[in-house]
Amino acid sequence: MSGPLASVHDQVVTFGTLRIGFDDRVLRPREWTAAQSAWAAELLDVVPPGPVLELCAGVGHIGLMATADPMCGAARRLVLVDVNPVACAWARVNAHAAGRADVDVREAELAEACDAGEMFPLVIADPPWVTTAEIGSFPDDPRVAIDGGEDGLGVARLCLEVIERHLAPGGAAVLQLGSVGQVDALAAWLASAGSALELGETRVFERGLLVLVGRTPC
């Protein structure tokens, strides 16, 4: 095999109904993040028609699981974005294994991943949210996959900027973070920036949390 996956011992885990491949150069899929897939799948029943975008997608498991239902999700085009070429290669492998030839995997910086005017009724965002000072506590995890900067929110802010530009009217996003304190800090940042986005319902889990993102009502 040639390319980013050459000569690498791969691993496979079960994630919901999917079998997901990865290796030690990318973040191992966390079981609890199936909750993000489930919440996103719930939202597909209420958001307008159109494609689904996943930011910081890693090996693609969360977006693939969210859109796995052939009655709803699989009818929507899925766009997976990550800056890591190895993660993108695995995302393509996993999409193929799931029978999803329609999946568009984009290796790109967040700000450059979507074309002007490209809109998505549902966005899933899985940014790294560990502070730089704490990443040494996770020696088995690749730094690029977990380092969220000084306050853990550097990449999350970039995700929200992309969401503000590309979230379709009536759409919603599900953002993954590490703590309620981070939710409060992002809410304050959005307010100070005069953003059209607001943070809504928060669901807390043992290993992290999820927060709903939408546009502020006019």
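Miscellaneous remarks
- Ellipticity estimate at 222 nm from DSSP helix runs (n ≥ 4, -39,500 (n - 2.57)) divided over the chain, nearest 500: -8000 deg cm²/dmol
- Between Ile124 and Leu53, Glu54, Leu55, Val174, the built amide H atoms are under 5 Å apart, and every one of these is 5 or more places off in sequence or on another chain.
- Neighbour-count ranking [beta-carbon atoms within 10 angstrom, fewest first] of His61, His166: His166, His61
- Only one residue of Leu27, Ile135, Gly152 has its Cα farthest out toward the positive end of the dipole of the chain, where Lys and Arg carry +1 and Asp and Glu -1 on Cβ, and that residue is Leu27.
- Remark: the chain carries a charge dipole of roughly 420 debye about the Cα centre, counting +1 on each Lys and Arg Cβ and -1 on each Asp and Glu Cβ.
- When the Cα positions of Ala98, Gln11, Val83 are compared along the charge dipole of the chain, Ala98 comes out farthest toward the positive end, with charges on each C-beta of Lys, Arg, Asp and Glu.
- Dipole magnitude for region 89-216: about 300 debye, using +1 per Lys or Arg Cβ and -1 per Asp or Glu Cβ, origin at the Cα centre.
- Using the Cβ-Cβ distance between Met119 and Thr17 with R0 set to 22 Å, the FRET efficiency works out to roughly 0.15.
- FRET efficiency for Phe138 and Asp102, using Cβ-Cβ distance with R0 set to 45 Å, rounded to 0.05: 0.85
Values in this text are rule-based calculations from the coordinates and carry no lab data. Being a predicted model, the structure only gives us computed values, none of them experimental. Reconstructed Cβ throughout: ideal geometry from the backbone, glycine too, with neighbour counts over all protein chains shown.
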